[in-house]
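One structure is given here, and the rest of the page talks about it.
The values are calculated or read from the model by the stated rules, or taken from the named source; none is laboratory data. None of these values were measured; they are calculated from a predicted model. All Cβ positions, glycine included, derive from the backbone under ideal geometry; neighbour counts span all protein chains shown. Note: accessible area is taken over every heavy atom of the protein model, side chains too, but ligands, DNA and RNA are not part of it. Shrake-Rupley method; radii C 1.70, N 1.55, O 1.52, S 1.80 Å.
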Amino acid sequence: MEILASRFYLSRTFALLLAVVAICRIAVSQDSVPREEPATAQRRPVIGLALSGGGALGLTEIGVIRWMEENHIPVDRIAGTSMGSIIGSMYATGMSPEEIQTFAKKINWDEAFLPEPGYAEISYRRKQDRRLPGGRAAWSEERVKRAEWN
(Lines give C-alpha, C1' and ligand atoms only; values in the text may rest on other atoms or scores of the structure.)
Protein backbone atom coordinates (compact mmCIF):
# COMPACT_ATOMS: atom_id res chain seq x y z
CA MET A 1 0.00 0.00 0.00
CA GLU A 2 2.85 2.38 0.81
CA ILE A 3 4.45 1.65 -2.55
CA LEU A 4 1.26 2.61 -4.38
CA ALA A 5 0.92 5.79 -2.35
CA SER A 6 4.53 6.80 -3.00
CA ARG A 7 4.16 6.04 -6.74
CA PHE A 8 1.03 8.16 -6.85
CA TYR A 9 2.82 10.99 -5.05
CA LEU A 10 5.81 10.74 -7.40
CA SER A 11 3.61 10.69 -10.50
CA ARG A 12 1.68 13.77 -9.29
CA THR A 13 4.94 15.54 -8.46
CA PHE A 14 6.39 14.67 -11.87
CA ALA A 15 3.23 15.85 -13.66
CA LEU A 16 3.28 19.13 -11.73
CA LEU A 17 6.97 19.65 -12.49
CA LEU A 18 6.36 18.91 -16.17
CA ALA A 19 3.49 21.42 -16.26
CA VAL A 20 5.62 24.13 -14.63
CA VAL A 21 8.44 23.54 -17.12
CA ALA A 22 6.00 23.66 -20.06
CA ILE A 23 4.44 26.91 -18.83
CA CYS A 24 7.87 28.51 -18.31
CA ARG A 25 8.96 27.42 -21.76
CA ILE A 26 5.83 28.89 -23.37
CA ALA A 27 6.28 32.16 -21.47
CA VAL A 28 9.93 32.44 -22.51
CA SER A 29 9.17 31.59 -26.14
CA GLN A 30 6.48 34.28 -26.34
CA ASP A 31 8.80 36.98 -25.02
CA SER A 32 11.84 35.87 -27.01
CA VAL A 33 10.37 36.45 -30.47
CA PRO A 34 12.88 38.72 -32.20
CA ARG A 35 11.37 41.98 -33.30
CA GLU A 36 12.96 44.16 -35.90
CA GLU A 37 12.98 47.71 -34.59
CA PRO A 38 14.97 50.67 -35.78
CA ALA A 39 18.11 51.18 -33.74
CA THR A 40 17.14 54.76 -32.89
CA ALA A 41 13.64 53.95 -31.64
CA GLN A 42 13.19 53.62 -27.89
CA ARG A 43 11.04 50.82 -26.62
CA ARG A 44 8.17 52.04 -24.51
CA PRO A 45 7.49 50.29 -21.22
CA VAL A 46 4.86 47.55 -21.12
CA ILE A 47 1.90 48.82 -19.12
CA GLY A 48 -0.29 46.46 -17.14
CA LEU A 49 -3.50 47.40 -15.39
CA ALA A 50 -4.53 45.52 -12.22
CA LEU A 51 -8.16 46.10 -11.27
CA SER A 52 -9.37 45.29 -7.78
CA GLY A 53 -12.65 43.87 -6.59
CA GLY A 54 -15.08 45.40 -4.18
CA GLY A 55 -18.58 45.14 -5.60
CA ALA A 56 -20.02 48.46 -6.65
CA LEU A 57 -16.77 50.22 -5.70
CA GLY A 58 -15.15 48.24 -8.50
CA LEU A 59 -17.13 50.37 -10.93
CA THR A 60 -14.82 53.29 -10.16
CA GLU A 61 -12.25 51.54 -12.33
CA ILE A 62 -14.27 52.62 -15.37
CA GLY A 63 -13.12 56.15 -14.55
CA VAL A 64 -9.50 54.99 -14.32
CA ILE A 65 -9.72 53.40 -17.76
CA ARG A 66 -11.37 56.55 -19.14
CA TRP A 67 -8.56 58.72 -17.69
CA MET A 68 -5.91 56.47 -19.21
CA GLU A 69 -7.56 56.72 -22.63
CA GLU A 70 -7.92 60.50 -22.37
CA ASN A 71 -4.21 60.78 -21.57
CA HIS A 72 -3.26 58.36 -24.37
CA ILE A 73 -1.76 55.77 -22.05
CA PRO A 74 -1.99 52.38 -23.75
CA VAL A 75 -2.82 49.28 -21.74
CA ASP A 76 -0.89 46.19 -22.86
CA ARG A 77 -2.03 43.75 -20.20
CA ILE A 78 -5.03 43.73 -17.91
CA ALA A 79 -5.95 41.63 -14.86
CA GLY A 80 -8.69 41.87 -12.30
CA THR A 81 -10.40 40.33 -9.31
CA SER A 82 -14.15 40.10 -8.81
CA MET A 83 -15.74 43.28 -10.21
CA GLY A 84 -12.37 44.31 -11.62
CA SER A 85 -12.27 41.15 -13.71
CA ILE A 86 -15.70 41.95 -15.14
CA ILE A 87 -14.71 45.53 -16.01
CA GLY A 88 -11.34 44.36 -17.34
CA SER A 89 -12.86 41.68 -19.54
CA MET A 90 -15.32 44.16 -21.05
CA TYR A 91 -12.46 46.57 -21.78
CA ALA A 92 -10.32 43.75 -23.20
CA THR A 93 -13.08 42.81 -25.64
CA GLY A 94 -12.98 46.32 -27.08
CA MET A 95 -15.74 48.12 -25.21
CA SER A 96 -15.08 51.78 -24.54
CA PRO A 97 -15.40 53.15 -21.00
CA GLU A 98 -18.66 54.86 -22.04
CA GLU A 99 -20.10 51.55 -23.28
CA ILE A 100 -19.03 49.82 -20.05
CA GLN A 101 -20.67 52.54 -17.98
CA THR A 102 -23.90 52.34 -20.02
CA PHE A 103 -23.93 48.57 -19.53
CA ALA A 104 -23.33 48.94 -15.77
CA LYS A 105 -26.24 51.41 -15.43
CA LYS A 106 -28.65 48.87 -16.95
CA ILE A 107 -27.90 46.22 -14.31
CA ASN A 108 -30.28 45.86 -11.35
CA TRP A 109 -27.58 45.81 -8.65
CA ASP A 110 -30.00 44.91 -5.83
CA GLU A 111 -30.81 41.72 -7.68
CA ALA A 112 -27.25 41.08 -8.87
CA PHE A 113 -25.85 41.04 -5.32
CA LEU A 114 -28.46 38.67 -3.89
CA PRO A 115 -26.84 35.53 -2.45
CA GLU A 116 -29.38 33.35 -4.24
CA PRO A 117 -32.08 33.78 -6.91
CA GLY A 118 -35.53 35.05 -5.92
CA TYR A 119 -38.27 32.56 -5.09
CA ALA A 120 -40.11 33.26 -8.36
CA GLU A 121 -36.97 32.51 -10.39
CA ILE A 122 -36.21 29.03 -9.06
CA SER A 123 -37.57 25.76 -10.40
CA TYR A 124 -40.46 23.86 -8.85
CA ARG A 125 -38.04 21.26 -7.45
CA ARG A 126 -35.92 23.89 -5.65
CA LYS A 127 -39.11 25.42 -4.23
CA GLN A 128 -40.00 22.01 -2.80
CA ASP A 129 -36.53 21.79 -1.25
CA ARG A 130 -37.21 25.01 0.66
CA ARG A 131 -40.33 23.61 2.31
CA LEU A 132 -40.22 22.10 5.77
CA PRO A 133 -41.64 18.63 6.55
CA GLY A 134 -45.40 18.69 6.98
CA GLY A 135 -46.03 21.03 4.04
CA ARG A 136 -45.32 24.20 6.04
CA ALA A 137 -43.41 26.83 4.05
CA ALA A 138 -39.89 27.54 5.32
CA TRP A 139 -40.34 31.24 4.70
CA SER A 140 -42.83 33.63 6.16
CA GLU A 141 -45.85 34.47 4.02
CA GLU A 142 -44.65 38.08 3.70
CA ARG A 143 -41.27 37.03 2.30
CA VAL A 144 -42.93 34.68 -0.22
CA LYS A 145 -45.21 37.52 -1.42
CA ARG A 146 -42.20 39.84 -1.83
CA ALA A 147 -40.35 37.15 -3.78
CA GLU A 148 -43.30 36.65 -6.14
CA TRP A 149 -43.26 40.34 -7.05
CA ASN A 150 -39.57 40.19 -8.11
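Points worth noting:
- Of the set (1) among the charged types (D, E, K, R); (2) modelled with pLDDT under 90; (3) in contact with a strand residue (DSSP E or B) (Cβ under 8 Å, 6 or more places away or on another chain), all apply to R77 but (2).
- Qualifying residue in the stretch 6-14 (condition: small (G, A, S), modelled with pLDDT of 90 or more and in a helix (DSSP H, G or I)): no
- Screening the stretch 126-143 for residues that are surrounded by 12 or more Cβ atoms within 10 Å (Cβ to Cβ) and at pLDDT 60 or above and picking the one that is nearest to the chain's Cα centre (by Cα) gives R126.
- Qualifying positions in the stretch 64-87 - surrounded by 15 or more Cβ atoms within 10 Å (Cβ to Cβ) and under 19 Å from F113 (Cα atoms): G80, M83, G84, S85, I86, I87
- Whichever residue in the stretch 88-125 is in contact with a helix residue (DSSP H, G or I) (Cβ under 6 Å, 6 or more places away or on another chain) and either within 13 Å of A56 (Cα to Cα) or open to solvent by 60 Å² or more (accessible area, probe 1.4 Å) (or both) and, among such residues, is modelled with the lowest pLDDT: A104
- Scanning the stretch 97-132 for residues that are in a helix (DSSP H, G or I) and charged (D, E, K, R) turns up E98, E99, K105, K106, D110, E111, E121, R125, R126, K127, D129.
- Residue tally, condition assigned to a helix (DSSP H, G or I) and open to solvent by 30 Å² or more (accessible area, probe 1.4 Å), over the stretch 45-63: 5
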